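Participant: The structure's right below; bear with me while I get my questions together.
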Amino acid sequence: MTALDIAADPQSAPRLPVRARDVLGSEWTKVRSVRSTYWILIIAAVTAIGGSTIIAAASTGRAGHSPFEPLEPVFIAWVEYPVLAVGILGVLAFTAEYSTGQIRTTFAAVPQRRAVLAAKAGAVGLLTLCFSELLAFISFFLSQAIVSNHGGLSLARCFPGCPERRHDDGLPAAELGRLRHHKQVERDIRRLQHRDRWCHAGEHQPNGCSNLHSGQPRDARGLAS
Amino acid sequence: MIEVTNLHKRYGSVTAVDGLSFTVRPGHVTGFLGPNGAGKTTTMRVILGLDTPTSGTALVDGRPYQEMIRPLHQVGSLLDANAAHPGRSAWCHLLSIAQSNGIGRHRVSEVLELTGMVDAAPRRVKGFSLGMRQRLGIAAALLGNPTTVIFDEPTNGLDPEGIHWIRELFKTLAAEGRTVFVSSHLMSEMALTADHLVIIGRGRLLADTTTERFVASSGHHDVLVCSPKATDLAPLLVGRGATVNGEGDALIVAGMDAAGIADLASEHGIAIHELVPRNASLEQAYLDLTGESVEYHTGVPSMRGAVDR
């Protein structure tokens, strides 16, 4: 193979403006292609999931007779510990680029330096956001499973305002219930229900609103109670 | 086309580049020569927008590098073979560069094949030899199929086969009408590769000329001739106006080229065992030119301390 193949390459220089997607894609490739990223994510996962399940397991013994109040704040604390690990990921993404000399290659490829830095922040931010969200859910459901298997406790039962809810109501409902603690969410849900009724009465918006109506009733009723 | 005009670059009290002006034209391999610390790398960094000049301009195809969108389609460069994250695989390194300029995966495979790095693609840069890193850097430079390529000391760490390969690559790229700008501190290296030479010392331009003209102006060069009938050959050469020195079977002939000597010997049925044109003075001419501008003079090593002990 000779250099002539370069000329034979049909791809000619496209005179397109720099696209955020290009630079973001490049930064995403960088983040996912170094081992330190995976180590940090593993550490974050072990801390969050391990910590919260241990707390849940430890709580099952003594929580048999009392409402299960203290779990939630502890659970949240454990899910938030990985912030430290994730912070290291963000720092490394920037510092490693400079310490290894890679930055010269990067800036030679994209002279618009702010775009590079923004894309890097975006790639790391998106990854950590999604991963943290995932960790929070896994931790929650695991803790929930442990708690409901011992002594028939469920998180939902602990929430004031829904004493009639039974532990077999299902975990998604419990999660929604947890959200209900937030006044704003509650207000939003009420508004939805109100709109739901209004739509049903009006009948001139058959598609979107009636779907909402038929899809929601059980949960919505439960939440309103 | 690279145009450097009245370029100055100061780092604090140190002047790295001092009023440099030259033009690198397409279709040629242009060698950028100078001793260590002459300002070669600084000039290249300014051309690539990695440094801002104190004054003056450096344009590629009439535009400053910083203003280019997706510059890899116009300029490919290799400044430092170690400018790669050691924990990343060759493939991912190239892919991240390609993506930033909207270049597809297909092209990444192509440049890996072109540089003979296909087998090394999944391996991490950490384990690469300097020669492999150079090849990876060259692969990155060729990603965008650029019209201008800039290489800083690309032969460092390459084995003889790699050096031969890279010379041929430069010549092919130039033959395709691209601008090829290659720095080196070795005259002998550039004499073989470059058509045109830009020689600097202490940040100033010392020479901007074709290699041929530089060689021609570099004083006398001669031909070493070995022949079993050297005594018969010598008067014939003198008869053609050449100056002949030497003893025994070996003659040092000045004033005639190797072809002329061979033809003359052949006419008279004289066998020639060795015929070597000698351009040792080329290196000397370069040293003479840059001698005064060498940044780091070597001192005479002193052994006194060791002896006293």
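The values are calculated or read from the model by the stated rules, or taken from the named source; none is laboratory data. Being a predicted model, the structure only gives us computed values, none of them experimental. Every residue, glycine as well, gets a Cβ built from its backbone with ideal geometry; the counts of neighbours run over all protein chains shown.
Each row is one residue, and each column tells you yes or no for (1) surrounded by 24 or more Cβ atoms within 10 Å (Cβ to Cβ); (2) in contact with a helix residue (DSSP H, G or I) (Cβ under 8 Å, 6 or more places away or on another chain); (3) more than 9 Å from chain A (Cβ to nearest Cβ).
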{"position": "B:Glu110", "(1), (2), (3)": "no, yes, no"}
{"position": "B:Leu114", "(1), (2), (3)": "no, yes, no"}
{"position": "B:Asp119", "(1), (2), (3)": "no, no, yes"}
{"position": "B:Gly127", "(1), (2), (3)": "no, no, yes"}
{"position": "B:Leu130", "(1), (2), (3)": "no, no, yes"}
{"position": "B:Leu136", "(1), (2), (3)": "yes, yes, yes"}
{"position": "B:Asn145", "(1), (2), (3)": "no, yes, no"}
{"position": "B:Ile166", "(1), (2), (3)": "no, yes, yes"}
{"position": "B:Val182", "(1), (2), (3)": "yes, yes, yes"}
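Participant: Still on this structure, please answer the following. B:Met68 - would you say it is more than 11 Å from chain A (Cβ to nearest Cβ) and either buried (at least 16 other Cβ atoms within 10 Å of the Cβ) or more than 19 Å from B:His185 (Cβ to Cβ) (or both)?
Facilitator: Against the criterion (more than 11 Å from chain A (Cβ to nearest Cβ) and either buried (at least 16 other Cβ atoms within 10 Å of the Cβ) or more than 19 Å from B:His185 (Cβ to Cβ) (or both)), B:Met68 does not qualify.
Participant: Of all the residues that make up the range B:149-160, how many are buried (at least 17 other Cβ atoms within 10 Å of the Cβ) and assigned to a helix (DSSP H, G or I)?
Facilitator: Of the residues in the range B:149-160, 0 are buried (at least 17 other Cβ atoms within 10 Å of the Cβ) and assigned to a helix (DSSP H, G or I).
Participant: How many of the residues making up the range B:228-242 are touching a helix residue (DSSP H, G or I) at 6+ places or on another chain (Cβ under 9 Å) and among the hydrophobic types (A, V, I, L, M, F, W, C)?
Facilitator: Residues meeting the conditions: 4.
Participant: For the range B:10-65, enumerate the residues that are surrounded by fewer than 16 Cβ atoms within 10 Å (Cβ to Cβ), of a type in the set (Phe, Trp, Tyr) and farther than 21 Å from B:Asp80 by Cα.
Facilitator: none
Participant: Working only within the range A:25-52, note down all residues that are within 11 Å of chain B (Cβ to nearest Cβ) and buried (at least 18 other Cβ atoms within 10 Å of the Cβ).
Facilitator: Residues satisfying the conditions are A:Gly25, A:Ser26, A:Glu27, A:Trp28, A:Thr29, A:Lys30, A:Val31, A:Ser33, A:Val34, A:Thr37.
Participant: Six or more apart or on different chains, Cβ under 7 Å: which pairs go from a residue in the range A:93-114 that's more than 7 Å from chain B (Cβ to nearest Cβ) to one that's among the acidic types (Asp, Glu)? Could you list them?
Facilitator: That search, which allows pairs on different chains as well, returns A:Ile103/A:Glu97; A:Thr106/A:Glu97.
Participant: Further, regarding this structure: Being within 8 Å of chain A (Cβ to nearest Cβ), closer than 20 Å to B:Thr52 by Cα and crowded, with 24+ Cβ neighbours inside 10 Å is true for just one of B:Ser77, B:Ser100, B:Ser96. Which residue is that?
Facilitator: B:Ser77
Participant: Run B:Ala230 past the list (1) surrounded by 18 or more Cβ atoms within 10 Å (Cβ to Cβ); (2) assigned by TED's automatic domain parsing to the domain that holds B:His28 and report the number of the one that doesn't hold.
Facilitator: The single condition B:Ala230 does not satisfy is (2).
Participant: Let me ask another. Quick one: which helices (runs of 4 or more DSSP H) sit completely within the range A:1-59 and have at least 3 residues that are modelled with pLDDT of 75 or more and among the hydroxyl-bearing types (Ser, Thr, Tyr)?
Facilitator: Of the helices (runs of 4 or more DSSP H) lying wholly inside the range A:1-59, those with at least 3 residues that are modelled with pLDDT of 75 or more and among the hydroxyl-bearing types (Ser, Thr, Tyr) span A:35-45.
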